[in-house]
Amino acid sequence: MRNTMRFGRAVIIGGSMAGLLGARVLSDFFEEVIVLERDPETGGPEARKGVPQGRHAHGLLDAGLQVLDTLFPGLVREMYAEGGERMDMGRDAAWYTSGSWKPRYHSGIELILCTRTWLEWKVRGRVSALRQVKLRSGCSVEGLLLDEAGTRVTGVKVRSAEGEELLAADLVVDAAGRGSRAANWLEALGYGRPEEEKIGLQLAYTSRFFEPPAQYRGDWKMMAVFPRAPEEQRGGFIARVEGGRWLVTLHGYFGDHPPTTDEGFLEFARQLPKPDIYEAIREARPLTEAVMHKIPSSRLLHFERMERFPESFVVLGDAVCALNPVYGQGMTVCSLSAKLLGDTVGRQAEVSPGSLKGLARDFQNKLARLLSIPWRMGTTMDLKYPQAEGQRYPGLGLLHWGFGTLIDFTSVNTLACRQFYEVMHMRRGMEAFLRPDLLAAFAAYGLKSFFVPFPQRANVHTAPRAPA
Ligand SMILES: Cc1cc2nc3c(=O)[nH]c(=O)nc-3n(C[C@H](O)[C@H](O)[C@H](O)COP(=O)(O)OP(=O)(O)OC[C@H]3O[C@@H](n4cnc5c(N)ncnc54)[C@H](O)[C@@H]3O)c2cc1C
(Lines give C-alpha, C1' and ligand atoms only; values in the text may rest on other atoms or scores of the structure.)
Protein backbone atom coordinates (compact mmCIF):
# COMPACT_ATOMS: atom_id res chain seq x y z
CA MET A 1 0.00 0.00 0.00
CA ARG A 2 3.00 2.31 0.37
CA ASN A 3 3.34 5.07 -2.21
CA THR A 4 -0.40 5.03 -2.83
CA MET A 5 -1.26 7.87 -0.43
CA ARG A 6 -4.80 9.05 -0.77
CA PHE A 7 -5.31 11.32 2.21
CA GLY A 8 -3.63 14.43 3.59
CA ARG A 9 -2.93 14.79 7.30
CA ALA A 10 -3.87 12.62 10.25
CA VAL A 11 -3.44 13.86 13.82
CA ILE A 12 -3.18 11.41 16.69
CA ILE A 13 -3.83 12.41 20.31
CA GLY A 14 -1.51 10.41 22.57
CA GLY A 15 1.87 8.86 21.78
CA SER A 16 1.66 5.61 23.72
CA MET A 17 0.97 2.12 22.33
CA ALA A 18 -2.34 2.84 20.56
CA GLY A 19 -1.11 6.20 19.24
CA LEU A 20 2.19 4.82 17.94
CA LEU A 21 0.63 1.77 16.33
CA GLY A 22 -2.11 3.98 14.89
CA ALA A 23 0.58 6.23 13.41
CA ARG A 24 2.27 3.24 11.84
CA VAL A 25 -0.86 2.01 10.04
CA LEU A 26 -1.96 5.49 8.95
CA SER A 27 1.48 6.20 7.52
CA ASP A 28 0.50 3.83 4.71
CA PHE A 29 -2.36 6.10 3.64
CA PHE A 30 -1.66 9.67 4.79
CA GLU A 31 0.92 12.08 3.49
CA GLU A 32 1.54 13.28 7.03
CA VAL A 33 0.79 11.79 10.46
CA ILE A 34 1.35 14.00 13.50
CA VAL A 35 1.35 12.36 16.94
CA LEU A 36 0.71 14.82 19.77
CA GLU A 37 1.89 13.61 23.16
CA ARG A 38 1.36 15.59 26.34
CA ASP A 39 4.41 14.23 28.17
CA PRO A 40 7.82 15.69 27.48
CA GLU A 41 10.31 13.47 25.66
CA THR A 42 12.02 10.98 27.98
CA GLY A 43 15.17 10.36 25.97
CA GLY A 44 15.10 6.66 26.82
CA PRO A 45 12.87 3.79 27.98
CA GLU A 46 11.71 5.50 31.16
CA ALA A 47 8.40 5.58 33.01
CA ARG A 48 6.46 8.76 32.42
CA LYS A 49 3.54 10.58 33.99
CA GLY A 50 1.02 9.90 31.21
CA VAL A 51 1.59 6.13 31.37
CA PRO A 52 1.85 5.36 35.08
CA GLN A 53 1.15 1.67 34.42
CA GLY A 54 4.50 1.54 32.60
CA ARG A 55 6.26 0.61 35.86
CA HIS A 56 4.26 -2.60 36.19
CA ALA A 57 4.55 -5.99 34.52
CA HIS A 58 3.13 -6.07 30.99
CA GLY A 59 2.90 -9.12 28.75
CA LEU A 60 2.23 -8.80 25.03
CA LEU A 61 0.09 -11.77 23.97
CA ASP A 62 0.65 -13.86 20.87
CA ALA A 63 -1.81 -12.02 18.62
CA GLY A 64 -0.30 -8.68 19.60
CA LEU A 65 3.19 -9.97 18.97
CA GLN A 66 2.16 -11.10 15.49
CA VAL A 67 0.76 -7.67 14.67
CA LEU A 68 3.97 -6.05 15.88
CA ASP A 69 6.01 -8.40 13.75
CA THR A 70 3.93 -7.55 10.68
CA LEU A 71 3.94 -3.80 11.22
CA PHE A 72 7.64 -3.61 12.08
CA PRO A 73 9.48 -6.43 10.30
CA GLY A 74 12.44 -7.62 12.35
CA LEU A 75 11.49 -5.73 15.54
CA VAL A 76 10.52 -8.78 17.59
CA ARG A 77 13.70 -10.61 16.57
CA GLU A 78 15.71 -7.53 17.47
CA MET A 79 14.08 -7.36 20.89
CA TYR A 80 14.87 -11.01 21.61
CA ALA A 81 18.44 -10.37 20.57
CA GLU A 82 18.64 -7.40 22.93
CA GLY A 83 17.34 -9.21 26.01
CA GLY A 84 13.55 -9.53 25.72
CA GLU A 85 12.56 -13.03 26.89
CA ARG A 86 10.94 -15.29 24.31
CA MET A 87 8.35 -17.33 26.15
CA ASP A 88 6.22 -20.31 25.15
CA MET A 89 2.97 -20.01 27.08
CA GLY A 90 2.66 -23.75 27.75
CA ARG A 91 6.31 -24.56 28.41
CA ASP A 92 7.63 -21.46 30.15
CA ALA A 93 4.71 -20.24 32.27
CA ALA A 94 4.16 -21.70 35.72
CA TRP A 95 0.58 -20.55 36.07
CA TYR A 96 -1.71 -21.17 38.98
CA THR A 97 -5.09 -19.67 38.37
CA SER A 98 -8.50 -20.03 39.87
CA GLY A 99 -7.41 -22.85 42.15
CA SER A 100 -5.20 -25.07 39.97
CA TRP A 101 -1.94 -25.16 38.00
CA LYS A 102 -2.07 -25.28 34.24
CA PRO A 103 -0.32 -28.17 32.47
CA ARG A 104 3.16 -27.60 31.04
CA TYR A 105 3.73 -28.52 27.40
CA HIS A 106 5.09 -26.97 24.22
CA SER A 107 2.19 -24.83 22.99
CA GLY A 108 3.65 -22.80 20.12
CA ILE A 109 1.92 -19.75 21.62
CA GLU A 110 4.45 -17.04 22.12
CA LEU A 111 4.81 -14.02 24.37
CA ILE A 112 7.56 -11.49 24.80
CA LEU A 113 8.54 -10.67 28.36
CA CYS A 114 10.06 -7.22 28.74
CA THR A 115 9.31 -3.99 30.48
CA ARG A 116 6.50 -1.90 29.13
CA THR A 117 8.76 1.16 28.93
CA TRP A 118 11.27 -0.67 26.76
CA LEU A 119 8.61 -2.14 24.46
CA GLU A 120 7.08 1.30 23.92
CA TRP A 121 10.53 2.80 23.39
CA LYS A 122 11.38 0.23 20.72
CA VAL A 123 8.07 0.81 18.93
CA ARG A 124 8.57 4.56 19.18
CA GLY A 125 12.00 4.21 17.59
CA ARG A 126 10.52 2.43 14.58
CA VAL A 127 7.62 4.87 14.23
CA SER A 128 9.83 7.94 14.49
CA ALA A 129 11.89 6.62 11.58
CA LEU A 130 8.85 6.71 9.25
CA ARG A 131 9.09 9.55 6.78
CA GLN A 132 5.42 10.51 7.07
CA VAL A 133 5.30 10.56 10.87
CA LYS A 134 6.12 13.49 13.15
CA LEU A 135 6.20 12.87 16.90
CA ARG A 136 5.61 16.03 18.92
CA SER A 137 6.10 15.85 22.70
CA GLY A 138 4.89 18.33 25.30
CA CYS A 139 1.70 18.98 23.31
CA SER A 140 -1.60 18.65 25.09
CA VAL A 141 -4.75 18.44 22.99
CA GLU A 142 -7.45 20.55 24.58
CA GLY A 143 -10.36 20.10 22.21
CA LEU A 144 -11.69 19.23 18.76
CA LEU A 145 -12.37 21.61 15.89
CA LEU A 146 -15.59 21.15 13.94
CA ASP A 147 -16.62 22.35 10.47
CA GLU A 148 -19.32 24.98 10.07
CA ALA A 149 -22.06 22.42 9.48
CA GLY A 150 -21.07 20.76 12.75
CA THR A 151 -20.76 17.32 11.17
CA ARG A 152 -17.03 16.80 10.67
CA VAL A 153 -13.97 17.11 12.88
CA THR A 154 -11.45 19.31 11.10
CA GLY A 155 -8.60 19.40 13.61
CA VAL A 156 -7.58 19.90 17.22
CA LYS A 157 -6.71 22.65 19.68
CA VAL A 158 -3.19 22.12 20.99
CA ARG A 159 -1.44 23.66 23.99
CA SER A 160 2.34 23.53 24.29
CA ALA A 161 5.17 25.63 25.69
CA GLU A 162 4.86 27.74 22.54
CA GLY A 163 1.23 28.59 23.33
CA GLU A 164 -2.07 27.59 21.72
CA GLU A 165 -2.36 26.32 18.19
CA LEU A 166 -5.20 25.17 15.95
CA LEU A 167 -3.98 22.20 13.95
CA ALA A 168 -6.04 21.18 10.93
CA ALA A 169 -6.42 17.49 10.06
CA ASP A 170 -8.33 15.27 7.65
CA LEU A 171 -8.58 12.60 10.35
CA VAL A 172 -8.24 12.93 14.14
CA VAL A 173 -7.55 9.81 16.21
CA ASP A 174 -8.05 9.92 19.97
CA ALA A 175 -5.57 7.49 21.54
CA ALA A 176 -5.31 9.32 24.85
CA GLY A 177 -5.86 6.24 27.03
CA ARG A 178 -8.04 6.06 30.12
CA GLY A 179 -7.79 9.81 30.59
CA SER A 180 -9.22 10.54 27.11
CA ARG A 181 -11.67 13.42 27.05
CA ALA A 182 -13.36 12.30 23.83
CA ALA A 183 -16.71 11.72 25.59
CA ASN A 184 -16.63 15.22 27.15
CA TRP A 185 -15.60 16.87 23.90
CA LEU A 186 -18.37 15.15 21.95
CA GLU A 187 -20.90 16.18 24.58
CA ALA A 188 -19.69 19.79 24.52
CA LEU A 189 -20.05 19.79 20.72
CA GLY A 190 -23.67 18.67 21.02
CA TYR A 191 -23.27 15.01 20.10
CA GLY A 192 -24.24 13.64 23.52
CA ARG A 193 -22.17 11.13 25.50
CA PRO A 194 -21.48 7.50 24.63
CA GLU A 195 -23.04 4.84 26.84
CA GLU A 196 -20.56 3.55 29.37
CA GLU A 197 -20.18 0.09 30.90
CA LYS A 198 -18.08 0.00 34.02
CA ILE A 199 -17.05 -2.70 36.46
CA GLY A 200 -15.83 -1.35 39.81
CA LEU A 201 -12.82 -3.42 40.96
CA GLN A 202 -10.85 -1.19 43.37
CA LEU A 203 -7.77 -3.03 42.11
CA ALA A 204 -4.16 -2.04 42.80
CA TYR A 205 -0.84 -3.27 41.41
CA THR A 206 2.38 -2.97 43.39
CA SER A 207 5.61 -3.76 41.56
CA ARG A 208 9.28 -4.02 42.27
CA PHE A 209 12.38 -5.15 40.37
CA PHE A 210 14.56 -7.87 41.91
CA GLU A 211 17.84 -9.51 41.09
CA PRO A 212 17.12 -13.26 41.03
CA PRO A 213 18.96 -15.15 43.80
CA ALA A 214 22.07 -16.87 42.41
CA GLN A 215 21.02 -20.27 43.80
CA TYR A 216 17.42 -20.11 42.56
CA ARG A 217 16.62 -22.68 39.85
CA GLY A 218 13.19 -22.03 38.36
CA ASP A 219 12.00 -23.86 35.24
CA TRP A 220 9.84 -20.90 34.21
CA LYS A 221 10.18 -17.51 32.60
CA MET A 222 6.94 -16.27 34.07
CA MET A 223 5.27 -17.43 37.22
CA ALA A 224 1.74 -16.31 37.99
CA VAL A 225 -0.50 -17.03 40.95
CA PHE A 226 -4.02 -15.73 40.41
CA PRO A 227 -6.98 -15.87 42.77
CA ARG A 228 -10.05 -18.06 42.58
CA ALA A 229 -13.11 -15.82 42.64
CA PRO A 230 -14.97 -15.11 44.79
CA GLU A 231 -13.06 -16.58 47.76
CA GLU A 232 -9.63 -15.13 46.94
CA GLN A 233 -8.76 -11.65 45.76
CA ARG A 234 -4.96 -11.51 45.74
CA GLY A 235 -2.60 -12.44 42.96
CA GLY A 236 0.85 -11.82 41.57
CA PHE A 237 3.41 -12.65 38.96
CA ILE A 238 7.10 -12.65 38.27
CA ALA A 239 8.35 -11.92 34.77
CA ARG A 240 11.93 -12.31 33.62
CA VAL A 241 12.67 -9.11 31.74
CA GLU A 242 15.57 -7.55 29.88
CA GLY A 243 18.72 -7.12 31.92
CA GLY A 244 18.21 -10.52 33.63
CA ARG A 245 15.90 -8.93 36.21
CA TRP A 246 12.68 -10.13 37.72
CA LEU A 247 9.77 -7.74 37.62
CA VAL A 248 7.46 -8.79 40.44
CA THR A 249 3.93 -7.45 40.42
CA LEU A 250 1.38 -8.18 43.15
CA HIS A 251 -2.27 -7.21 42.94
CA GLY A 252 -5.31 -7.11 45.12
CA TYR A 253 -8.96 -6.32 44.52
CA PHE A 254 -11.51 -4.30 46.50
CA GLY A 255 -9.07 -2.26 48.54
CA ASP A 256 -6.96 -5.24 49.62
CA HIS A 257 -3.89 -3.61 48.11
CA PRO A 258 -0.28 -4.89 48.17
CA PRO A 259 1.86 -2.63 50.40
CA THR A 260 4.95 -0.84 49.13
CA THR A 261 7.03 -1.49 52.25
CA ASP A 262 9.70 -4.25 52.21
CA GLU A 263 7.98 -6.40 54.82
CA GLY A 264 4.46 -5.64 53.62
CA PHE A 265 5.32 -6.59 50.02
CA LEU A 266 6.87 -9.91 51.07
CA GLU A 267 4.08 -10.71 53.49
CA PHE A 268 1.46 -10.07 50.81
CA ALA A 269 3.37 -12.43 48.48
CA ARG A 270 3.45 -15.06 51.23
CA GLN A 271 -0.31 -14.88 51.58
CA LEU A 272 -1.11 -15.47 47.91
CA PRO A 273 -3.15 -18.59 47.16
CA LYS A 274 0.20 -20.41 46.63
CA PRO A 275 3.52 -19.48 48.27
CA ASP A 276 5.69 -20.06 45.18
CA ILE A 277 6.22 -16.37 44.37
CA TYR A 278 7.15 -15.65 47.97
CA GLU A 279 9.58 -18.57 47.96
CA ALA A 280 11.21 -17.27 44.80
CA ILE A 281 11.64 -13.66 45.97
CA ARG A 282 12.30 -13.97 49.69
CA GLU A 283 16.08 -14.31 49.08
CA ALA A 284 16.11 -12.04 46.04
CA ARG A 285 17.74 -8.61 46.20
CA PRO A 286 15.37 -5.70 45.53
CA LEU A 287 16.72 -3.38 42.85
CA THR A 288 14.09 -0.64 43.16
CA GLU A 289 11.48 0.65 45.56
CA ALA A 290 8.01 -0.84 45.22
CA VAL A 291 5.48 1.38 43.43
CA MET A 292 1.69 1.19 43.47
CA HIS A 293 -0.85 1.95 40.78
CA LYS A 294 -4.60 1.93 41.42
CA ILE A 295 -7.16 0.83 38.87
CA PRO A 296 -10.62 1.66 40.19
CA SER A 297 -12.54 0.02 37.35
CA SER A 298 -12.57 -1.47 33.89
CA ARG A 299 -14.56 0.58 31.37
CA LEU A 300 -16.04 0.32 27.88
CA LEU A 301 -17.43 3.30 25.99
CA HIS A 302 -19.98 2.59 23.25
CA PHE A 303 -19.12 5.25 20.67
CA GLU A 304 -20.69 2.96 18.06
CA ARG A 305 -24.10 3.31 19.71
CA MET A 306 -24.17 7.11 19.58
CA GLU A 307 -27.01 8.47 17.52
CA ARG A 308 -24.79 11.11 15.98
CA PHE A 309 -21.05 10.82 15.54
CA PRO A 310 -18.83 13.28 13.69
CA GLU A 311 -17.04 12.36 10.49
CA SER A 312 -13.23 12.16 10.48
CA PHE A 313 -12.84 11.31 14.17
CA VAL A 314 -12.01 7.89 15.60
CA VAL A 315 -11.24 6.65 19.09
CA LEU A 316 -8.72 3.89 19.72
CA GLY A 317 -7.10 1.90 22.53
CA ASP A 318 -7.84 2.40 26.22
CA ALA A 319 -9.70 5.57 25.30
CA VAL A 320 -12.50 3.19 24.18
CA CYS A 321 -11.94 0.11 26.28
CA ALA A 322 -9.81 -0.09 29.41
CA LEU A 323 -9.79 -3.75 30.44
CA ASN A 324 -8.94 -5.31 33.78
CA PRO A 325 -5.11 -5.45 33.39
CA VAL A 326 -4.87 -8.79 35.19
CA TYR A 327 -5.85 -10.53 31.94
CA GLY A 328 -2.93 -8.87 30.11
CA GLN A 329 -4.89 -8.04 26.96
CA GLY A 330 -4.75 -4.22 26.70
CA MET A 331 -1.76 -3.81 24.39
CA THR A 332 -2.79 -6.78 22.26
CA VAL A 333 -6.23 -5.21 21.85
CA CYS A 334 -4.49 -1.92 20.92
CA SER A 335 -2.44 -3.78 18.28
CA LEU A 336 -5.44 -5.55 16.79
CA SER A 337 -7.44 -2.31 16.86
CA ALA A 338 -4.67 -0.41 15.10
CA LYS A 339 -4.50 -3.14 12.47
CA LEU A 340 -8.27 -2.87 12.08
CA LEU A 341 -7.93 0.90 11.61
CA GLY A 342 -5.34 0.35 8.89
CA ASP A 343 -7.55 -2.21 7.14
CA THR A 344 -10.60 0.04 7.37
CA VAL A 345 -8.78 3.08 6.00
CA GLY A 346 -7.27 0.88 3.28
CA ARG A 347 -10.69 -0.29 2.15
CA GLN A 348 -12.02 3.26 2.30
CA ALA A 349 -9.14 4.43 0.12
CA GLU A 350 -10.05 1.80 -2.48
CA VAL A 351 -13.82 2.27 -2.40
CA SER A 352 -13.94 6.08 -2.19
CA PRO A 353 -10.54 7.50 -3.03
CA GLY A 354 -9.85 10.82 -1.37
CA SER A 355 -12.94 10.73 0.86
CA LEU A 356 -13.14 9.71 4.51
CA LYS A 357 -16.93 9.96 4.62
CA GLY A 358 -18.43 7.14 6.64
CA LEU A 359 -15.06 5.91 7.90
CA ALA A 360 -15.53 6.98 11.53
CA ARG A 361 -18.83 5.16 12.02
CA ASP A 362 -17.64 2.11 10.09
CA PHE A 363 -14.50 1.84 12.21
CA GLN A 364 -16.22 2.30 15.58
CA ASN A 365 -18.76 -0.40 14.62
CA LYS A 366 -16.05 -2.87 13.67
CA LEU A 367 -14.00 -1.98 16.73
CA ALA A 368 -16.99 -2.64 18.99
CA ARG A 369 -17.21 -6.17 17.57
CA LEU A 370 -13.49 -6.74 18.14
CA LEU A 371 -13.70 -5.50 21.73
CA SER A 372 -16.79 -7.44 22.70
CA ILE A 373 -14.94 -10.77 23.25
CA PRO A 374 -12.16 -9.58 25.60
CA TRP A 375 -14.59 -7.27 27.39
CA ARG A 376 -17.26 -9.94 27.93
CA MET A 377 -14.74 -12.59 28.95
CA GLY A 378 -13.01 -10.38 31.50
CA THR A 379 -16.07 -8.77 32.99
CA THR A 380 -17.92 -12.07 33.28
CA MET A 381 -15.05 -13.41 35.38
CA ASP A 382 -14.85 -10.20 37.43
CA LEU A 383 -18.56 -10.19 38.22
CA LYS A 384 -18.03 -13.45 40.10
CA TYR A 385 -16.94 -11.21 42.95
CA PRO A 386 -20.03 -9.94 44.78
CA GLN A 387 -18.07 -6.76 45.59
CA ALA A 388 -17.57 -5.98 41.88
CA GLU A 389 -19.84 -3.08 40.96
CA GLY A 390 -21.50 -3.52 37.61
CA GLN A 391 -24.63 -4.53 35.84
CA ARG A 392 -25.55 -8.17 36.37
CA TYR A 393 -27.87 -9.84 33.90
CA PRO A 394 -30.04 -12.96 33.77
CA GLY A 395 -28.05 -16.12 33.08
CA LEU A 396 -24.85 -14.74 34.61
CA GLY A 397 -24.81 -17.46 37.29
CA LEU A 398 -24.95 -20.13 34.58
CA LEU A 399 -22.15 -18.40 32.66
CA HIS A 400 -20.07 -18.34 35.83
CA TRP A 401 -20.61 -22.03 36.32
CA GLY A 402 -19.75 -22.76 32.68
CA PHE A 403 -16.66 -20.52 32.59
CA GLY A 404 -15.47 -21.68 35.99
CA THR A 405 -15.82 -25.34 35.05
CA LEU A 406 -14.06 -24.69 31.75
CA ILE A 407 -11.13 -23.01 33.50
CA ASP A 408 -10.86 -25.96 35.90
CA PHE A 409 -11.10 -28.36 32.96
CA THR A 410 -8.20 -26.64 31.19
CA SER A 411 -5.99 -27.59 34.13
CA VAL A 412 -6.59 -31.32 33.65
CA ASN A 413 -6.99 -31.56 29.88
CA THR A 414 -4.07 -30.38 27.76
CA LEU A 415 -6.13 -30.07 24.58
CA ALA A 416 -8.61 -27.84 26.41
CA CYS A 417 -5.70 -25.83 27.77
CA ARG A 418 -4.30 -25.46 24.26
CA GLN A 419 -7.63 -24.11 22.97
CA PHE A 420 -7.98 -21.87 26.03
CA TYR A 421 -4.60 -20.28 25.35
CA GLU A 422 -5.59 -19.76 21.70
CA VAL A 423 -8.63 -17.78 22.88
CA MET A 424 -6.81 -15.99 25.69
CA HIS A 425 -4.04 -14.91 23.34
CA MET A 426 -6.70 -13.65 20.93
CA ARG A 427 -5.62 -15.94 18.13
CA ARG A 428 -9.10 -17.44 17.92
CA GLY A 429 -12.62 -16.86 19.23
CA MET A 430 -14.63 -19.14 21.51
CA GLU A 431 -15.29 -21.44 18.53
CA ALA A 432 -11.87 -22.91 19.34
CA PHE A 433 -13.67 -25.06 21.91
CA LEU A 434 -16.20 -26.40 19.42
CA ARG A 435 -14.56 -29.76 18.74
CA PRO A 436 -16.59 -32.92 19.24
CA ASP A 437 -13.82 -34.65 21.24
CA LEU A 438 -13.39 -31.65 23.51
CA LEU A 439 -17.10 -31.07 23.99
CA ALA A 440 -17.61 -34.71 24.99
CA ALA A 441 -14.75 -34.61 27.49
CA PHE A 442 -15.99 -31.29 28.86
CA ALA A 443 -19.54 -32.61 29.26
CA ALA A 444 -18.20 -35.60 31.22
CA TYR A 445 -16.04 -33.32 33.38
CA GLY A 446 -18.95 -30.93 33.95
CA LEU A 447 -21.20 -33.79 35.01
CA LYS A 448 -18.58 -35.07 37.41
CA SER A 449 -18.24 -31.59 38.87
CA PHE A 450 -21.73 -31.88 40.35
CA PHE A 451 -20.60 -34.82 42.49
CA VAL A 452 -16.88 -34.35 43.16
CA PRO A 453 -15.69 -31.25 45.04
CA PHE A 454 -13.28 -28.94 43.22
CA PRO A 455 -9.97 -29.93 44.91
CA GLN A 456 -10.38 -33.49 43.70
CA ARG A 457 -11.07 -32.39 40.17
CA ALA A 458 -7.97 -30.40 39.25
CA ASN A 459 -4.22 -30.62 39.76
CA VAL A 460 -4.35 -28.20 42.62
CA HIS A 461 -1.33 -28.91 44.71
CA THR A 462 2.08 -28.82 43.06
CA ALA A 463 3.23 -27.01 39.98
CA PRO A 464 3.85 -29.39 37.05
CA ARG A 465 7.43 -29.33 35.71
CA ALA A 466 8.35 -27.84 32.36
CA PRO A 467 8.78 -30.38 29.54
CA ALA A 468 12.37 -31.11 28.58
C1 LIG B 1 -1.32 -1.76 36.00
C2 LIG B 1 -1.57 -2.13 34.58
C3 LIG B 1 -1.00 -3.29 34.06
C4 LIG B 1 -1.23 -3.64 32.74
N5 LIG B 1 -0.72 -4.81 32.26
C6 LIG B 1 -0.90 -5.12 30.96
C7 LIG B 1 -0.34 -6.31 30.39
O8 LIG B 1 0.26 -7.12 31.07
N9 LIG B 1 -0.52 -6.53 29.07
C10 LIG B 1 -1.22 -5.68 28.29
O11 LIG B 1 -1.34 -5.92 27.09
N12 LIG B 1 -1.79 -4.57 28.78
C13 LIG B 1 -1.65 -4.26 30.08
N14 LIG B 1 -2.20 -3.13 30.58
C15 LIG B 1 -2.99 -2.27 29.69
C16 LIG B 1 -2.11 -1.36 28.85
O17 LIG B 1 -1.26 -0.61 29.69
C18 LIG B 1 -3.01 -0.46 28.04
O19 LIG B 1 -3.99 -1.21 27.37
C20 LIG B 1 -2.25 0.34 27.02
O21 LIG B 1 -1.24 1.12 27.60
C22 LIG B 1 -3.20 1.29 26.31
O23 LIG B 1 -2.47 2.10 25.45
P24 LIG B 1 -3.08 3.47 24.99
O25 LIG B 1 -2.10 4.03 24.04
O26 LIG B 1 -4.48 3.29 24.55
O27 LIG B 1 -3.16 4.38 26.31
P28 LIG B 1 -2.04 4.80 27.33
O29 LIG B 1 -0.93 3.85 27.35
O30 LIG B 1 -2.73 5.10 28.61
O31 LIG B 1 -1.47 6.17 26.74
C32 LIG B 1 -2.23 7.34 26.56
C33 LIG B 1 -1.26 8.42 26.10
O34 LIG B 1 -1.99 9.59 25.77
C35 LIG B 1 -1.35 10.73 26.33
N36 LIG B 1 -2.38 11.77 26.49
C37 LIG B 1 -3.46 11.72 27.31
N38 LIG B 1 -4.21 12.80 27.15
C39 LIG B 1 -3.60 13.55 26.20
C40 LIG B 1 -3.93 14.82 25.60
N41 LIG B 1 -5.03 15.49 25.92
N42 LIG B 1 -3.07 15.32 24.68
C43 LIG B 1 -1.94 14.63 24.32
N44 LIG B 1 -1.60 13.44 24.86
C45 LIG B 1 -2.44 12.92 25.78
C46 LIG B 1 -0.75 10.21 27.62
O47 LIG B 1 0.30 11.03 28.10
C48 LIG B 1 -0.26 8.83 27.18
O49 LIG B 1 1.00 8.87 26.61
C50 LIG B 1 -2.02 -2.79 31.92
C51 LIG B 1 -2.61 -1.64 32.45
C52 LIG B 1 -2.41 -1.32 33.77
C53 LIG B 1 -3.09 -0.09 34.33
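Any residue at all in the range 1-10 that is within 13 Å of the ligand (Cβ to nearest atom) and either touching a residue at least 40 places away in the same chain (Cβ under 8 Å) or assigned to a strand (DSSP E or B) (or both)?
No, because not a single residue in the range 1-10 is within 13 Å of the ligand (Cβ to nearest atom) and either touching a residue at least 40 places away in the same chain (Cβ under 8 Å) or assigned to a strand (DSSP E or B) (or both).
Among the candidates Ser140, Ser98, single out the residue that is open to solvent by less than 30 Å² (accessible area, probe 1.4 Å) and modelled with pLDDT under 95.
On inspection, the qualifying residue turns out to be Ser98.
Got a sec? Which strands (runs of 3 or more DSSP E) wholly within the range 244-345 have at least 3 residues that are at negative phi, open to solvent by 40 Å² or more (accessible area, probe 1.4 Å) and touching a strand residue (DSSP E or B) at 6+ places or on another chain (Cβ under 7 Å)?
Hits in the range 244-345: 291-302.
Restricting to the range 440-450, what's the tally of residues that are open to solvent by 80 Å² or more (accessible area, probe 1.4 Å) and either among the polar types (S, T, N, Q) or in a helix (DSSP H, G or I) (or both)?
Number of matching residues: 2.
Whether any residue in the range 323-330 is within 16 Å of the ligand (Cβ to nearest atom), among the aliphatic types (A, V, I, L, M) and over 13 Å from Leu61 (Cα atoms) is what I want to check.
Yes, the range 323-330 has at least one match.
Which of the residues spanning the range 410-437 are in a helix (DSSP H, G or I), open to solvent by 10 Å² or more (accessible area, probe 1.4 Å), out of contact with any Ser or Thr (no Cβ under 6 Å at 6 or more places or on another chain) and of a type in the set (A, V, I, L, M, F, W, C)?
Selection gives Val412, Leu415, Met424, Met430, Phe433.
Within the range 223-240, can you find the residues that are closer than 21 Å to Met79 by Cα and surrounded by fewer than 23 Cβ atoms within 10 Å (Cβ to Cβ)?
Across the range 223-240, the qualifying residue is only Arg240.
When the range 98-141 is examined, which residues are found to be assigned to a helix (DSSP H, G or I) and in contact (Cβ under 8 Å) with a residue 12 or more places away in the chain?
Within the range 98-141, Arg116, Thr117, Trp118, Leu119, Glu120, Trp121, Lys122, Val123, Arg124, Arg126, Val127 meet the criteria.
Going through the range 301-318 one residue at a time, which ones are over 16 Å from Ser180 (Cβ atoms) and within 26 Å of the chain's Cα centre (by Cα)?
Matches in the range 301-318: Arg305, Ser312.
Filter the range 12-50 down to the residues that are among the β-branched types (Val, Ile, Thr) and in a strand (DSSP E or B) and list them by number.
Answer for the range 12-50, where residues must be among the β-branched types (Val, Ile, Thr) and in a strand (DSSP E or B): Ile12, Ile13, Val33, Ile34, Val35.
Take the range 103-124 and flag every residue that is within 14 Å of the ligand (Cβ to nearest atom) and basic (Lys, Arg).
Scanning the range 103-124 gives Arg116, Arg124.
Please state which one of Ala129, Ala169, Ala176, Ala149 is out of contact with any Pro (no Cβ under 9 Å at 6 or more places or on another chain) and within 27 Å of Gly328 (Cβ to Cβ).
The conditions single out Ala176.
Considering each residue of the range 420-454, count those that are over 29 Å from the mean Cα position of the chain (by Cα), more than 14 Å from Thr405 (Cβ to Cβ) and in contact (Cβ under 8 Å) with a residue 60 or more places away in the chain, and give that number.
Of the residues in that region, 0 qualify.
Here are the criteria: (1) surrounded by 20 or more Cβ atoms within 10 Å (Cβ to Cβ); (2) closer than 24 Å to Ala47 by Cα. Tell me which single one Gly83 does not satisfy.
The one condition Gly83 does not meet is (1).
Identify, please: which residue in the range 346-378 is of a type in the set (S, T, N, Q) and open to solvent by 10 Å² or more (accessible area, probe 1.4 Å) and is, among those, modelled with the lowest pLDDT?
Among those that are of a type in the set (S, T, N, Q) and open to solvent by 10 Å² or more (accessible area, probe 1.4 Å), it is Ser352.
Anything in the range 148-161 that is open to solvent by 40 Å² or more (accessible area, probe 1.4 Å) and within 18 Å of Ser355 (Cβ to Cβ)? List them, or say none.
Of everything in the range 148-161, those that are open to solvent by 40 Å² or more (accessible area, probe 1.4 Å) and within 18 Å of Ser355 (Cβ to Cβ) turn out to be Ala149, Thr151, Arg152.
Pairs needed: first member in the range 319-343, over 17 Å from His251 (Cα atoms); second member anywhere, part of a loop (DSSP other than H, G, I, E, B) and more than 9 Å from the ligand (Cβ to nearest atom); C-beta distance under 7 Å; at least 6 residues apart or different chains.
That search, which allows pairs on different chains as well, returns Thr332/Met426; Leu336/Met426; Gly342/Asp28.
Name the pairs: first residue in the range 239-262 and under 15 Å from Ala224 (Cβ atoms), second residue open to solvent by 20 Å² or more (accessible area, probe 1.4 Å) and polar (S, T, N, Q), Cβ to Cβ under 7 Å, at least 6 apart or on different chains?
Gly252/Gln233
The values are calculated or read from the model by the stated rules, or taken from the named source; none is laboratory data. Predicted model only: the values in this text are computed from it and were never measured. Cβ: placed from backbone, ideal geometry, glycine included. Neighbour counts: every protein chain shown. Accessible surface is based on the protein model in full, side chains and every heavy atom, while ligands, DNA and RNA are left aside. Shrake-Rupley method; radii C 1.70, N 1.55, O 1.52, S 1.80 Å.
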